[in-house]
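Heads up: the structure comes next, in structure tokens.
The values are calculated or read from the model by the stated rules, or taken from the named source; none is laboratory data. Values in this document were obtained by computation on a predicted structure and should not be read as measured data. Please note: Cβ atoms are built from the backbone with ideal geometry, for glycine as well, and neighbour counts cover all protein chains shown. Quick note on the areas: whole protein, heavy atoms, side chains included, nothing else; ligands and nucleic acids left out. Shrake-Rupley method; radii C 1.70, N 1.55, O 1.52, S 1.80 Å.
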Amino acid sequence: MRRLLSFHALLVYLFLYLPILVIVALSFNESRRGVHFTGFTLKWYQGLFQDPRVLEYFANTLVVALVSTLVSTVLGTLLALGLVRYRFPGKGFLRYLLYVPVVVPDVVMGISLLLLFAFSRELLGFPRLSLLTVILGHITFQVAFVTLVVRSRLLLLDPALEEAARDLGARGFQTFLHVTLPLAWPGVAAGALLALTLSLDDFVVTFFTAGPGATTLPLYIYSSVKLGVSPKVHALSSLIVGLSAFFLALGYALSRRRL
């Protein structure tokens, strides 16, 4: 039975990751067209860093990812702290409401954000579709993920440690800064890395909220595929996959740290 389950798991993982491995392998293929491997080369990666458009889109991607991650980490950490340490009306409803951005399809999130920005622009004249709207769109789903990760970490903390700090004269902010935050830091870092990863490879929400001059790497890959898949697109996709895998692994390692 164990061998059968192991074989089934192997098939599932091959189904999930074999296409990605094919793209990574083709990014080192010397041939420009087709899947026939004619030789190993790094020229497609070198071409990426010599393309000014790719560098511009990479800068846009980093700005969106870093700013949205910073804001969502702060908001998510404070929200998780409020859900774990305090009681208030509607707490249970708010806790379940966090799962909405997680389970709602990205296309629904993207369309709803586009309609919200359009309504706000018609009513207030602000904001225009730009990097700002992309950042706001990413924050809307990143906050939920950060909150869930940090909340799971806070639930493992012993409240007696915070009570001891208050008994010794520490105020609320001092207790949070010197006791709660250091103990919850692996969860905060893991949530931030997860949010960063989600932002780096997000396409649907970015597609609906981006305006002129707000092109990111996923949008560039989508537009390039329309003209035919080239090894440069394979190389760019491989770099994004590599970055995402690195941040996910780092976040998982931090979240598994013991208290």
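Observations, loosely collected:
- Helices (runs of 4 or more DSSP H) contained in segment 85-146 and holding at least 2 residues without any contact (Cβ under 8 Å) to a residue 12 or more places away in the chain: 91-97, 106-124
- Output for segment 1-40, where each listed residue is at pLDDT 80 or above, of a type in the set (Val, Ile, Thr) and out of contact with any helix residue (DSSP H, G or I) (no Cβ under 7 Å at 6 or more places or on another chain): VAL12, VAL22
- Screening segment 198-252 for residues that are open to solvent by 50 Å² or more (accessible area, probe 1.4 Å) and small (Gly, Ala, Ser) and picking the one that is nearest to ASN60 (Cα to Cα) gives GLY213.
- Test result for THR147, open to solvent by 50 Å² or more (accessible area, probe 1.4 Å) and either in contact with a Phe, Trp or Tyr (Cβ under 6 Å, 6 or more places away or on another chain) or polar (S, T, N, Q) (or both): no
- In summary, LEU136 fulfils each of the numbered conditions (1) over 24 Å from the mean Cα position of the chain (by Cα); (2) open to solvent by 30 Å² or more (accessible area, probe 1.4 Å); (3) under 26 Å from VAL188 (Cα atoms) with the single exception of condition (1).
- Only one of the listed residues (PHE37, PHE15, PHE7, PHE58) is loosely packed, with under 11 Cβ neighbours inside 10 Å and under 26 Å from LEU243 (Cβ atoms). That residue is PHE15.
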